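J.: Below are the structure tokens for one structure; questions will follow.
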Amino acid sequence: MRKLADSLYRIAICLWSGGLWIMGLSAWMLFRTLNSRALAGEVAGSLFGLIAWVGLACAAYLLVFLIARRRWMAFKSSVFWLVLAMLLLTLAGYFGIQPILSALKVAAWPGTVMESALKDRFATWHGISSGLYLVQSLLAVVLVLAQERGLNTAR
């Protein structure tokens, strides 16, 4: 059973970290290739929603795993704090900023938000969201490297 838990720990890190980068690159490609920015935004939003839920599930497993394995020593682990920071960024982005962006889109209806008076507010919140996502993605790289260097506290 311990081997399965260890394997799931590694899979969760790979799935979440890789998913963050794939979703970010996919969104970039959507905006480069689709003629409709509104459609690209809708598809990208769905992808970011998917990786947010994947992140919540992975973070829950990783945190429980670390606490179960290391008990109170988990709180002294850089890996624990990396996962927690990534979780908080996921929560802020998906449950904090995304509802604001959605509300701005609804308020701009029947046109698009980028053609409305709300364009600047939307661009500001979108920029904040993008910045948080970039930080989260960079933390994911650090998390993967921590495993590679043997800094993980799962042992």
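J.: Pick from the range 30-51 the residues that are small (Gly, Ala, Ser) and within 21 Å of the chain's Cα centre (by Cα): which of them is nearest to residue 143 (Cα to Cα)?
T.: Ranking the candidates gives 49 first.
J.: Separate question: Going through 54, 79 one at a time, which residue ends up being in contact with a Gly (Cβ under 6 Å, 6 or more places away or on another chain) and under 20 Å from residue 137 (Cα atoms)?
T.: Every option except 54 fails the conditions.
J.: Residue under question is residue 8, and the condition is that it be farther than 16 Å from residue 132 by Cα, touching a helix residue (DSSP H, G or I) at 6+ places or on another chain (Cβ under 8 Å), part of a helix (DSSP H, G or I) and not aromatic (Phe, Trp, Tyr); does it hold? Lay out the reasoning, then the answer.
T.: Working: farther than 16 Å from residue 132 by Cα: yes; touching a helix residue (DSSP H, G or I) at 6+ places or on another chain (Cβ under 8 Å): yes; part of a helix (DSSP H, G or I): yes; not aromatic (Phe, Trp, Tyr): yes.
It is true that residue 8 is farther than 16 Å from residue 132 by Cα, touching a helix residue (DSSP H, G or I) at 6+ places or on another chain (Cβ under 8 Å), part of a helix (DSSP H, G or I) and not aromatic (Phe, Trp, Tyr).
J.: Could you go through the range 85-96 and let me know if any residue there is among the aliphatic types (A, V, I, L, M), part of a helix (DSSP H, G or I), surrounded by fewer than 15 Cβ atoms within 10 Å (Cβ to Cβ) and at pLDDT below 95.
T.: no
J.: Follow-up question, since we're still on this one. Using the structure shown, decide if residue 154 is buried (at least 17 other Cβ atoms within 10 Å of the Cβ), under 18 Å from residue 16 (Cβ atoms), of a type in the set (Gly, Ala, Ser) and modelled with pLDDT under 90.
T.: Considered against the rule, which asks whether it is buried (at least 17 other Cβ atoms within 10 Å of the Cβ), under 18 Å from residue 16 (Cβ atoms), of a type in the set (Gly, Ala, Ser) and modelled with pLDDT under 90, residue 154 comes out as yes.
J.: Checking residue 65 against (1) touching a Phe, Trp or Tyr at 6+ places or on another chain (Cβ under 6 Å); (2) closer than 16 Å to residue 141 by Cα, which test does it fail?
T.: The failed condition is (2).
J.: If you don't mind, another one. Starting from the range 29-57, keep only residues that are farther than 23 Å from residue 111 by Cα, then list their pairs with residues that are part of a helix (DSSP H, G or I) and modelled with pLDDT under 90 whose Cβ atoms are within a distance under 6 Å, requiring at least 6 positions of separation or different chains.
T.: none
J.: If you don't mind, another one. Looking at 102, 77, which one is polar (S, T, N, Q), touching a Leu at 6+ places or on another chain (Cβ under 7 Å) and at pLDDT below 95? Break it down stepwise before answering.
T.: Details: 102 fails: touching a Leu at 6+ places or on another chain (Cβ under 7 Å).
Step by step, each of 102, 77 is checked, and only 77 is polar (S, T, N, Q), touching a Leu at 6+ places or on another chain (Cβ under 7 Å) and at pLDDT below 95.
J.: Let me ask something else. Go through the range 97-150 and give me each residue that's polar (S, T, N, Q) and either in a helix (DSSP H, G or I) or closer than 24 Å to residue 8 by Cα (or both).
T.: 98, 102, 124, 129, 130, 136, 137, 147
J.: What tally of residues in the range 1-13 results from selecting those that are in contact (Cβ under 8 Å) with a residue 40 or more places away in the chain and either under 18 Å from the mean Cα position of the chain (by Cα) or crowded, with 17+ Cβ neighbours inside 10 Å (or both)?
T.: 4
J.: If you don't mind, another one. How many residues are exposed (fewer than 13 other Cβ atoms within 10 Å of the Cβ) and among the aromatic types (Phe, Trp, Tyr) if we restrict to the range 99-137?
T.: Number satisfying all stated conditions: 1.
The values are calculated or read from the model by the stated rules, or taken from the named source; none is laboratory data. All of these numbers come straight from a predicted model, not from anything done at the bench. All Cβ positions, even for glycine, are placed from backbone atoms using ideal geometry, and neighbour counts span all protein chains on display.
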